[in-house]
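Nothing in this text is a laboratory measurement; each read-out follows from the coordinates by a stated rule. All values reported here derive from a predicted model rather than from experimental measurement. Every residue, glycine as well, gets a Cβ built from its backbone with ideal geometry; the counts of neighbours run over all protein chains shown.
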Amino acid sequence: MPTTLSRKDGVTLTYDLLPGKSPIIVFLPGFASDMAGTKALFLHEACAARGQAMLRLDYSGHGASGGKFEDGTIGEWTADAAAVIAHAAPDAPLLLVGSSMGGWIALLLAQKLGPRVAAMLLIAPAPDFTQALIEPSLTPEQRATLDRDGFLLPPSEYGPPLPITKKLIEEGRNHLLLGGPIPITCPVRILHGMRDNDVPWQHSLKLANCLASEDVRLIFTKDGGHRLSSDTDLLLLSQTLFTLLGENGA
């Protein structure tokens, strides 16, 4: 059953910890996604069948957690994930699985957690997306709206429009990673669809070049979109995860 944790400001964070073998698989969802998403639940079932520990969580403003989505920032959501990890798994080794924005958060957490992170699996990772992907795509009219109202409501192919706030973009500049070396040395696996309309697959090539680790492997699926949630994609996800665990003695 999901468990809750209260931040100092009273916002409630929700998470689910599946007991099992170490390291704990930590699933970090994407922008406006949550721990009940297709990939998160698929990995939960796969880990349960294998006896592998797994931690799923919702950032503030996401899923079952409290707070408003439009109040969130990359820094705040990273702090949310760090708080849940500190509460639910204070000392255990971790394998971070980050999807889209969750890939950015995973990279930020890995730098904070250091050797506790045994390995990482990133799915269509989107580090720096606020600056590298959103800002260049804004029209003059959208920039004017952002300055005037503090947010935009661009159409989304996944459902109702999601607010893109000026605060999200500006605060994201404090956490940019792709401008130089990223001091992460653990094994990293990256899955990316080449038909991804949200995060171009070339973004993962740039990330791989920035990572200090020499143990980085990229897997591109030619027919894969951003979500990588088809049956074939999910099978590849679990195979990659458990191969990574086996390669690292887990």
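Just from its helices, what would the mean residue ellipticity at 222 nm be for the chain, if runs of 4 or more DSSP H residues each count -39500 (n - 2.57) and the sum is divided by every residue, rounded to the nearest 500 deg cm²/dmol? Rounded to the nearest 500, it is -10500 deg cm²/dmol.
Among 121-130, 97-106, 13-22, sorting by the average number of other beta carbon atoms lying within 10 angstrom of each residue, highest first, gives 97-106, 121-130, 13-22.
Once the Kirkwood radius over Cα pairs is known for region 6-141, the Stokes-Einstein relation at 20 °C and 1.002 mPa s delivers a diffusion coefficient of 142 µm²/s. Taking amide H as placed 1.01 Å from N in the peptide plane, Leu28 has its amide H under 5 Å from the amide H of Val97, Gly98, Ser99, each at least 5 places away in sequence or on another chain. Projecting label points 7 angstrom from Cα along Cα→Cβ for Gln239 and Asn209 puts them 2.9 nm apart.
Among 54-66, 28-40, the peptide with the highest mean count of other Cβ atoms within 10 Å heads the list, and the full ranking is 54-66, 28-40.
With the simple spin-label model, which puts each label point 7 Å out from Cα in the Cβ direction, the Ser137 to Lys112 separation comes to 2.7 nm. Think of each Lys and Arg Cβ as +1 and each Asp and Glu Cβ as -1; about the Cα centre, that makes the dipole of the chain roughly 400 debye.
Each principal axis of the chain carries a Cα extent, and these read 53, 42, 34 Å when sorted largest first.
Size descriptors for region 39-115, from the alpha-carbon set: Rg then Dmax equal 12.8, 38 Å.
Per residue and in Å³, how big is the convex hull formed by the alpha-carbon atoms of region 24-75? Could the numbers behind the result be given before it?
Numbers: hull volume 3.6 nm³, N = 52.
Considering the Cα atoms of region 24-75, their hull volume per residue is 70 Å³.
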